[in-house]
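Report on one structure; see the data block that follows.
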Amino acid sequence: MTILKSQLNPRSADFQANAAAMATVVADLHEKVEKIALGGPEAARQKHLARGKLLPRERVNGLLDPGTPFLEIGQFAAYGMYGGDVPAASVIAGIGRVNGVECMVVANDATVKGGTYYPLTVKKHLRAQEIALENRLPCVYLVDSGGAFLPMQDEVFPDKEHFGRIFFNQANLSAAGIPQIAAVMGSCTAGGAYVPAMCDESIIVKNQGTIFLGGPPLVKAATGEVVSAEDLGGADVHTRISGVVDHLAENDAHALAIARRIVKDLNWKKQPPVTLTMPTEPAYASEELYGVIPTDAKKPFDVREIIARIVDGSDFDEFKARYGTTLVCGFARIYGYPVGIVANNGILFSESALKGAHFIELCAQRGIPLVFLQNITGFMVGRKYENGGIRRQDGDGSRHRESSKIHRCHRRLVRRRQLRHVRPRLFATLPVDVAECPHFGDGRRTGGRRIGHRQARRHRSGWQDLERRGRSGLQGPDPRTVRDAGASVLRLGAAVGRRHHRSG
């Protein structure tokens, strides 16, 4: 157990000035959040209420367990865009508890342009589904949308990551066995009509909800048939005749009660993939975070002061504390969950990038979630650092970060270096440090993770020993990684040998 010791004095003038400046910024943030939470203009909200509907955020609150938090995502989506008339991108999304089950909730806001989908509305909806798939969260859709915002349909429909991706994600969620529930509480038009149709169970509100591919005006224009919205795709049609919807609700509150009952009957229990402990408060008050960060962005501060105020008991086991000091890495717990923390503590150097890549790989192998505390102006520049390969080292960190969802990270990088008056040489960057392999024998002199083809061929017997031991699962580094490292370098040496034989 390593308890972080704070070096800050909360009574100092600098600390108080920092706290006051941060409080002003946070107050401005809260003011903007409150404005976004209102949704559309007052006239649109009153029209919505006059139809007997609950406001979108009232629907979300009615769905969730009383007194439980709602982790909203993308609240500032489309902020200041589209003329400033589309708060939260006209859709509310976030994680909340429904009858004790953590769910992803996606609720259209019909007070904002009729709940239509702008380009960023699509992105936000897709992001919510992505989070649900990664974390195995049941999805609850509260549908009240007029479909795509037609003046911008060229940015809503055509691409791979556009509107149609919503249904692709629904199919993948269903294939993964993740429940999906839809409550149609208003319009559900055109492509959006597939949302409830692709859910496990669906609800529709009487005299409010409608589901159809083409509305009455389109039907009249196409076929000459005159039909009302209720007769075309209302609640009675879809619960009694078509069978598209499973449950009929009298009003919004009734629909939310049915949705809660469905979630209760899911028999859904998500086991955390990590070992949990009892949460403890940090040794330092979280309110002190306001005073840690200087008002002058050019003035440095120790990121450990942040870590000490967010992790359980301020207990932080730092990794490679003396190496690559501009990147702080280590293990901690937050609310009892184990996490790996990667925190910037200055400009990124080559050593910091290598350290970060190593730590991310460790967390991936152990299945430990990562928390990034980002505060960086960039990488160190100059001929010395470019010659040292900082681009490649940072690239290694990026690859490990992107592949960290895989339990074991394995990456091979082979570079070809052309030198004057000599034959081309090949170097391999290995996923295992052979200098730490006690069974490598004489080959340990190659050392580290970087090895040339001549060394690989010279120590052929050592690499064959690595491969055999990796295959048999003997003690030492990860057998699979060792086996792959040995095999890859043997192939490298053989390829170079064949090429030199042909050129000679």
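Report, by residue number, each residue of the range 261-294 that is at pLDDT below 90 and not basic (Lys, Arg).
Scanning the range 261-294 gives Gln271, Pro272, Pro273, Val274, Thr275.
Which ones in the range 202-218 are crowded, with 18+ Cβ neighbours inside 10 Å and of a type in the set (A, V, I, L, M)? Steps first, answer last, please.
Of the residues in the range 202-218, the ones crowded, with 18+ Cβ neighbours inside 10 Å are 202-205, 208-212, 215-216.
Listed by number, the residues that qualify are Ile203, Ile204, Val205, Ile211.
Quick grid of which residues meet (1) under 24 Å from the mean Cα position of the chain (by Cα); (2) modelled with pLDDT under 95:
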{"position": "Thr68", "(1), (2)": "yes, no"}
{"position": "Ile73", "(1), (2)": "yes, no"}
{"position": "Gly84", "(1), (2)": "no, yes"}
{"position": "Ala89", "(1), (2)": "yes, no"}
{"position": "Ala93", "(1), (2)": "yes, no"}
{"position": "Glu102", "(1), (2)": "yes, no"}
{"position": "Ala107", "(1), (2)": "yes, no"}
{"position": "Val112", "(1), (2)": "no, no"}
{"position": "Leu120", "(1), (2)": "yes, no"}
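With respect to Lys53, is the statement that it is under 23 Å from Thr121 (Cβ atoms), touching a Pro at 6+ places or on another chain (Cβ under 8 Å) and basic (Lys, Arg) true?
Values: under 23 Å from Thr121 (Cβ atoms): yes; touching a Pro at 6+ places or on another chain (Cβ under 8 Å): no; basic (Lys, Arg): yes.
So Lys53 fails the test.
Tell me the residue from Gln16, Gln75 that is of a type in the set (S, T, N, Q) and part of a helix (DSSP H, G or I), please. Spell out the reasoning first.
Values: Gln75 fails: part of a helix (DSSP H, G or I).
Testing whether each residue is of a type in the set (S, T, N, Q) and part of a helix (DSSP H, G or I) leaves just Gln16.
Hey, can you tell me all the residues within the range 356-378 that are farther than 20 Å from Thr325 by Cβ and in a loop (DSSP other than H, G, I, E, B)?
Gly367, Ile368, Pro369
Would you please name the residue that is nearest to Ser145 (Cα to Cα), looking only at residues in the range 34-57 that are in contact with a helix residue (DSSP H, G or I) (Cβ under 8 Å, 6 or more places away or on another chain) and without any contact (Cβ under 8 Å) to a residue 60 or more places away in the chain?
So the residue we want is Leu55.
I'd like to know if the range 348-368 contains one or more residues that are more than 22 Å from the chain's Cα centre (by Cα) and free of Cβ contacts under 8 Å to residues at least 12 places away in the same chain.
Filtering the range 348-368 down to residues more than 22 Å from the chain's Cα centre (by Cα) leaves 348-352, 354-355.
Remaining after also requiring free of Cβ contacts under 8 Å to residues at least 12 places away in the same chain: none.
Within the range 348-368 (the criterion being more than 22 Å from the chain's Cα centre (by Cα) and free of Cβ contacts under 8 Å to residues at least 12 places away in the same chain), the answer is no, since none of the residues qualifies.
Considering only the range 250-257, I want to know if a residue exists there that is outside any helix (DSSP H, G or I) and in the same structural domain as Gly209 (by TED's automatic domain parsing).
Here is the first cut: in the range 250-257, the residues outside any helix (DSSP H, G or I) are 250-251.
Pick out the ones that are also in the same structural domain as Gly209 (by TED's automatic domain parsing) and you get 250-251.
Yes; the residues of the range 250-257 include at least one that is outside any helix (DSSP H, G or I) and in the same structural domain as Gly209 (by TED's automatic domain parsing).
Check the range 13-24 and report whether any residue there is surrounded by 13 or more Cβ atoms within 10 Å (Cβ to Cβ) and under 24 Å from the mean Cα position of the chain (by Cα).
No, that holds for no residue.
Based on what the data block shows, is Ala221 at pLDDT below 95, out of contact with any helix residue (DSSP H, G or I) (no Cβ under 7 Å at 6 or more places or on another chain), on the phi > 0 side of the Ramachandran plot and of a type in the set (A, V, I, L, M, F, W, C)?
On the way: at pLDDT below 95: yes; out of contact with any helix residue (DSSP H, G or I) (no Cβ under 7 Å at 6 or more places or on another chain): yes; on the phi > 0 side of the Ramachandran plot: no; of a type in the set (A, V, I, L, M, F, W, C): yes.
No; evaluated as a whole, the condition is false for this residue.
Select the helices (runs of 4 or more DSSP H) contained entirely in the range 90-184, then report the ones holding at least 2 residues which are among the small types (Gly, Ala, Ser) and under 26 Å from Gly62 (Cα atoms). Spell out how you get there, then give the answer.
On the way: elements: 119-135, 153-156, 165-175.
Where helices (runs of 4 or more DSSP H) fall fully within the range 90-184 and carry at least 2 residues being among the small types (Gly, Ala, Ser) and under 26 Å from Gly62 (Cα atoms), they are 119-135.
Does at least one position in the range 9-28 carry a residue that is under 28 Å from Asp312 (Cα atoms), among the polar types (S, T, N, Q), in the same structural domain as Met185 (by TED's automatic domain parsing) and out of contact with any Pro (no Cβ under 6 Å at 6 or more places or on another chain)?
no
How do the pairs read when you match residues in the range 190-203 that are assigned by TED's automatic domain parsing to the domain that holds Leu248 and in a helix (DSSP H, G or I) with residues anywhere that are polar (S, T, N, Q) and crowded, with 24+ Cβ neighbours inside 10 Å, using Cβ under 6 Å and keeping only pairs 6 or more apart or on different chains?
As it stands, the answer is Gly192/Ser145; Pro196/Ser202, since those pairs meet every condition given.
Suppose the filter is under 28 Å from Glu102 (Cβ atoms), within 25 Å of the chain's Cα centre (by Cα) and in a loop (DSSP other than H, G, I, E, B); does Leu289 pass it?
Values: under 28 Å from Glu102 (Cβ atoms): yes; within 25 Å of the chain's Cα centre (by Cα): yes; in a loop (DSSP other than H, G, I, E, B): no.
Here the answer is no, as Leu289 does not meet what is asked.
Being surrounded by fewer than 22 Cβ atoms within 10 Å (Cβ to Cβ) and in contact with a Phe, Trp or Tyr (Cβ under 9 Å, 6 or more places away or on another chain) narrows it down to one of Val86, Val101, Val106, Val91, so name that one. Don't jump to the end; show me each part of the working.
On the way: Val86 fails: surrounded by fewer than 22 Cβ atoms within 10 Å (Cβ to Cβ); Val106 fails: surrounded by fewer than 22 Cβ atoms within 10 Å (Cβ to Cβ); Val91 fails: surrounded by fewer than 22 Cβ atoms within 10 Å (Cβ to Cβ).
Every option except Val101 fails the conditions.
Given the criterion in the same structural domain as Glu102 (by TED's automatic domain parsing), among the aromatic types (Phe, Trp, Tyr) and more than 25 Å from Ile258 (Cβ to Cβ), identify the matching residue among Phe168, Phe212. Give the steps one after another, and end with the answer.
Details: Phe212 fails: more than 25 Å from Ile258 (Cβ to Cβ).
From the options Phe168, Phe212, the qualifying one is Phe168.
Checking Ala353 against (1) assigned to a loop (DSSP other than H, G, I, E, B); (2) out of contact with any Lys or Arg (no Cβ under 7 Å at 6 or more places or on another chain); (3) not polar (S, T, N, Q), which test does it fail?
(1)
The values are calculated or read from the model by the stated rules, or taken from the named source; none is laboratory data. In this text the structure is predicted, and so the values were computed from the model without any measurement. Quick reminder, even Gly has a Cβ in these numbers, built from the backbone with ideal geometry, and neighbours come from all protein chains shown.
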